[in-house]
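Chemist: Quick one: this structure, given as structure tokens, is what I'll be asking you about.
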Amino acid sequence: MMHQIEIVGKIRNTTPLAIGSGETWADYCIAHGLDSTARIREDFDSSNVKLIHRDARGKPFIPGSALKNLIRRALTLLSKNSVPVKDEQHKVLLERITDEHIRTLVGTASGTEEATGGRVLFSSAFLNLTGDESNSLAEKRKHHPWYDAQELTYIETSVGIHRRTGVAHANRLFSYELLPPDHIFDANLLIDDCQESEGDLYARILCLALEAIGVCGKNTSLPLLPIGSGGADGNGALSWELQRVEKLTYDSQVEKIEILKPDESLKNIKSGMLTLSASIELNFIGPFMVRDAAWLSGKLKADDRSRLSPDGKAMLPASGFRGVFRSALERIYNTLVPDANLTPDYLNQRPMEPEDVDLYEDTDPLLMLHRLLGSTSSRSSMQISDFVSTKDGRRTRFEMIGIDRWTGGNADGCKFNVEAFDSPTLKGEILIQLPDEEWTAAALGLLVLTMRDLIEGDLAFGHGVYRGFGACTASIKSLHIDGWQKAKNLQGSLPAQKDIGEDELHQAIDSILKPPESDTNDQKSSLQLTNKILNAILNATRSFLFPEIAQFSS
């Protein structure tokens, strides 16, 4: 007998959420007959803010198509990985997830020649409003820039960096709308046309995928399964709470279906790629600030102040770290490959479009950079969290004055003040997932060299780096590598190191994180192993960039 199965639950965004509508505030004004001078916020004058999806009530929501794509990715991840779950029933269920089940539930992916639809009907998830939303969250959201209690969103801004001058690039200011964390959405999924024998299995598989999404998005700064834009900067993590699963027959009978209890060990799910995760501490030497673009002059004694995290601490946004790190990596690449066409003028151009990817061969180093660092053609292999202070340092007010270029004295009317943090310590996370391809070892080599510069204090962050602000050193507090044994292409790129397993690799990592205090034989052996691995990776980097050169010494 045919029937339907309804799955009802609640979704909570545990990090900021941005599912774009594809239009800007200027587009919205034109479509709704608003004056072109209308502002999205009273104190925000840009008309190029990228808006998020809204329902008929004017509130943010999660489109069913976005949920479908997320669940497809979760099912694919579960089908390709051996997750060490504790519960035996979970283990049996995981083994039964096949490509055929995925096609049956969510259909084929877009672009497939023989496209088929799925049996699951995805409804959009709408915001669950309590009626006291503005009052209860106003205090909690006060450090979100341009937060509006009625719209429930805030506006984030970022700026592109000019490769030649190292300062903000003209006409590269980006503004986009975000929903802060901790909003609840009502979700409803319907599995249609189920046979008696298969309905329960489909329901359990779908609930397992939702459970995996929830576990991956719970208490994490870098979600493995993000939704929407900005996943590389920690946005889009979701948690899931199942409310009920019911079988609906065509004669209007309702029967409850028992679903497996959640298994927290699902958090151990892996991406299936070579994965490097690191906890990094930035120790600033002197003043540090990231300009708070939403701060209106005159509210404090300072004309300018540093950006604060949602809980009021010093912070370096993920995008602020990514831009500096990317620029340093590109500079190292240019040093190794001086004729690589990565001139400042080339890099300042708009990224290549997705359809242009096919113009590059898989072994092209330029394509490696797009895949590693991200562009409009490829999602970044690096996920970076915000860096938030563990030790704020005291806030200090700096007196500044402009210099007259002609006389060399003080310029009239150019006196201003800046409020910054004095020598704070910030901590954040980096997650790098590399596919096992020919360029993997080369990408690792470039990352190693860039991390060395970061640790040694060659990278500066935030506002005023040419005034002595933002200087720092870094330390790696924890480092883990997973998927080393599966990276056969990488192993082949390191011919002298084929015998290195994960135990030896982590032994080498320990020697990096904990430098030897004495010259014991074991510690010397660890350092030698570390140097062998790093040398092999750097050799592979040069071999990839310069195929005619077999080896080079670091």
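The values are calculated or read from the model by the stated rules, or taken from the named source; none is laboratory data. It should be emphasised that the depicted structure is a prediction, and the values quoted were computed from it without experimental measurement. All Cβ positions, glycine included, derive from the backbone under ideal geometry; neighbour counts span all protein chains shown.
Chemist: Suppose we keep only residues that are in a strand (DSSP E or B) and over 39 Å from the mean Cα position of the chain (by Cα) within segment 396-413. Which one would you say is modelled with the lowest pLDDT?
Modeler: Only one residue tops the list, namely GLY413.
Chemist: Go through (1) at pLDDT below 90; (2) over 22 Å from TYR154 (Cβ atoms); (3) of a type in the set (Gly, Ala, Ser) for ALA26 and report which single condition fails.
Modeler: (2)
Chemist: Yes or no: segment 377-393 includes at least one residue that is within 21 Å of the chain's Cα centre (by Cα) and of a type in the set (Phe, Trp, Tyr).
Modeler: yes
Chemist: Residues of segment 98-131 being part of a strand (DSSP E or B) and either buried (at least 17 other Cβ atoms within 10 Å of the Cβ) or out of contact with any Asp or Glu (no Cβ under 7 Å at 6 or more places or on another chain) (or both), which ones?
Modeler: The first filter runs over segment 98-131 and keeps only residues part of a strand (DSSP E or B), leaving 120-122, 125-127.
Across segment 98-131, the qualifying residues are VAL120, PHE122, ALA125, PHE126, LEU127.
Chemist: Is it the case that segment 51-59 has a residue that's surrounded by 15 or more Cβ atoms within 10 Å (Cβ to Cβ), touching a Lys or Arg at 6+ places or on another chain (Cβ under 7 Å) and modelled with pLDDT of 90 or more? Break it down stepwise before answering.
Modeler: Let us first name the residues in segment 51-59 that are surrounded by 15 or more Cβ atoms within 10 Å (Cβ to Cβ), namely 51-54, 59.
If we keep only those that are touching a Lys or Arg at 6+ places or on another chain (Cβ under 7 Å) too, we end up with none.
There is no residue in segment 51-59 that is surrounded by 15 or more Cβ atoms within 10 Å (Cβ to Cβ), touching a Lys or Arg at 6+ places or on another chain (Cβ under 7 Å) and modelled with pLDDT of 90 or more.
Chemist: Here's something else I'd like to know. Within segment 30-50, can you find the residues that are outside any loop (DSSP other than H, G, I, E, B) and modelled with pLDDT under 85? Before the answer, list the steps.
Modeler: From segment 30-50, those outside any loop (DSSP other than H, G, I, E, B) are 30-31, 41, 44, 50; that's our starting set.
Across segment 30-50, the qualifying residues are ILE30, ALA31, ARG41, PHE44.
Chemist: Tell me, please, whether a residue that is under 26 Å from HIS143 (Cα atoms) and surrounded by fewer than 14 Cβ atoms within 10 Å (Cβ to Cβ) can be found in segment 25-40.
Modeler: yes
Chemist: Here's another thing I want to ask about it. Kindly indicate whether ALA232 is modelled with pLDDT of 70 or more and not hydroxyl-bearing (Ser, Thr, Tyr). So that I can check it myself, show each step before the final result.
Modeler: Details: modelled with pLDDT of 70 or more: yes; not hydroxyl-bearing (Ser, Thr, Tyr): yes.
Yes, satisfied.
Chemist: Of all residues in segment 172-197, count the ones that are assigned to a strand (DSSP E or B), surrounded by 15 or more Cβ atoms within 10 Å (Cβ to Cβ) and under 20 Å from the mean Cα position of the chain (by Cα). Steps first, please.
Modeler: Going through segment 172-197, the residues assigned to a strand (DSSP E or B) turn out to be 172-179, 184-194.
Then drop every residue that is not surrounded by 15 or more Cβ atoms within 10 Å (Cβ to Cβ), which leaves 175-179, 184-191, 194.
From what is left, the residues that are under 20 Å from the mean Cα position of the chain (by Cα) are 175-179.
So the count comes out to 5.
A quick yes/no check of all residues on (1) of a type in the set (Gly, Ala, Ser); (2) within 26 Å of GLU330 (Cβ to Cβ); (3) part of a strand (DSSP E or B); (4) at pLDDT below 85:
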| site | (1), (2), (3), (4) |
| --- | --- |
| ILE430 | no, yes, yes, no |
| LEU447 | no, yes, no, no |
| MET451 | no, yes, no, no |
| HIS480 | no, no, yes, yes |
| GLN491 | no, no, no, yes |
| ALA508 | yes, no, no, yes |
| ILE512 | no, yes, no, yes |
